[in-house]
Amino acid sequence: MDSIQTPNGDAPKLSEWVKQVVPTETVLRHPPLLPSAMTSLLKDSEDRSLDETVELVEHDETTSARILLWANSASSGAVEGITDLKTAIMRVGVGSMVQITLLSKFKSFLTVPLKTYGISGEDFWMHAFATAVAAESIEADLSFRVSPECFVAGLVHDVGKIFIDRYQEVFASAPMDRIENGDGELARHQQEVDMYGLGHATIGASVARHWGFGPTVVDCLAHHHDTIDGNSPEVKVLQLANQIAKSIGRKGGGDLVDDELNQLLRSLQLDMHDYEKIRNRSRNKLTKLAGTLK
Ligand SMILES: [Fe+2]
Ligand SMILES: [Fe+2]
């Protein structure tokens with residue numbers, strides 16, 4: 001495996017740099033959606049009235065247009081054209097409306113090439129998108145409820161990579177080596193930890209905390225590359241979603257070897273038959289939603 005090019009001697013430690021950058025970075029001071037709105041969208045969605053829900057998104061033309069598109073798509077079951085947002089939200093349901101809003105808000109933020117990892121902007125976005133969709137698709141086969149926050153955790157789970165990439169760009173002495181894709185995300189995460197003392201999981205958790213996400217999302221991001229024992233059900237759902245997203249992605253494959261995947265599935269009371277069903281469901285929903293997000 002190629003190593004990451006070591007930053008030059010004058011560079012601050014990654015941990016120190018992250019502490020300074022996260023609160024001051026322009027894009028983090030102005031996240032894709034205000035934390036209060038994100039929290040509001042994720043929680044209490046069943047208690048909120050339809051009018052209040054409409055108010056949260058009606059000022060945003062792009063998101064409103066995408067919700068209307070989804071409501072009018074064949075998959076939503078609409079028989080006649082829907083032109084107003086309230087009817088569209090009633091048609092798609094508040095849960096799907098929240099998901100489309102989050103996807104819409106984060107799409108441009110997460111479509112960013114990561115040179116250090118050799119990942120194109122499109123591939124980085126598609127992995128985030130697919131992990132969110134897979135996280136949501138798992139619940140139907142579980143015998144217990146998991147937090148709807150797994151969807152957003154899936155969407156932003158690798159956000160820490162943006163910071164490692166930026167740090168490398170600013171401080172590494174040229175030419176910068178790339179981390180080999182072939183060794184998988186888990187190996188790359190370990191490489192980050194070995195090199196810097198922290199990886200994209202820890203950085204992502206501090207970004208999520210800064211954005212105002214609750215403990216479930218922060219915990220999911222912090223532990224998504226930990227070994228399976230001792231993790232919360234939500235972390236396990238995110239780990240499985242990450243694996244599914246990889247397996248249905250452009251390059252295929254996944255980070256977990258068969259034993260690890262079987263252990264993870266067993267810990268969620270699932271088997272390989274369920275896994276294949278979830279993969280198919282995720283792939284179908286991804287295809288349908290991708291059309292809405294164009
Ligand atoms: Fe990751
Ligand atoms: Fe990932």
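Take residue 209: with every protein chain present and a 1.4 Å probe, its accessible area is about 140 Å². Between residue 119 and 114, the built amide H atoms are under 5 Å apart, and every one of these is 5 or more places off in sequence or on another chain.
Site pair residue 227 and residue 143 shows an inter-label distance of 2.6 nm when each label is modelled 7 Å from Cα along Cα→Cβ.
Computed from phi, the 3J(HN,Hα) profile of the range 227-244 under the Karplus parametrisation 6.51, -1.76, 1.60 (θ = phi - 60°) reads 5, 5, 4, x, 7, 6, x, 5, 5, 5, 4, 5, 4, 5, 4, 4, 5, 5 Hz, with x in place of Gly and Pro. Once all protein chains are placed together, residue 58 keeps about 110 Å² accessible to a 1.4 angstrom probe. Checking the cross-link pairs 161/294; 105/277; 251/285 against a 27 Å limit on the alpha carbon distance flags 105/277 as lying beyond it. Using the Karplus relation 6.51 cos²θ - 1.76 cosθ + 1.60 with θ = phi - 60°, the per-residue 3J(HN,Hα) values for the range 267-281 come to 5, 9, 6, 10, 10, 5, 5, 4, 4, 5, 4, 5, 4, 5, 5 Hz, with x marking Gly and Pro.
Computed extension length for residue 10-residue 59: 13.0 nm, one decimal, from 0.36 nm per residue of separation with the Cα-Cα distance subtracted. For the range 142-154, putting each phi into the Karplus relation 6.51 cos²θ - 1.76 cosθ + 1.60 with θ = phi - 60° gives couplings of 8, 8, 9, 7, 10, 4, x, 5, 4, 4, 6, 4, x Hz, in residue order, rounded to whole numbers and with x for Gly and Pro. Its Cα gyration tensor gives the range 67-148 an equivalent ellipsoid. The semi-axes, each the square root of 5 times an eigenvalue, are 28, 19, 10 Å from largest down. Our estimate of slack between residue 287 and residue 271, defined as 0.36 nm per intervening residue step minus the Cα-Cα distance, is 3.3 nm. Ranking 283, 66 by solvent-accessible area of protein heavy atoms (1.4 Å probe, all protein chains present), from largest to smallest, gives 283, 66.
The values are calculated or read from the model by the stated rules, or taken from the named source; none is laboratory data. Given the structure is predicted, the values throughout are model-derived calculations rather than measurements. Positions of Cβ are backbone-derived with ideal geometry, glycine not excepted, and every protein chain shown enters the neighbour counts. To get the accessible areas, we keep the full protein, side chains included, count just its heavy atoms, and leave off ligands, DNA and RNA. Shrake-Rupley method; radii C 1.70, N 1.55, O 1.52, S 1.80 Å.
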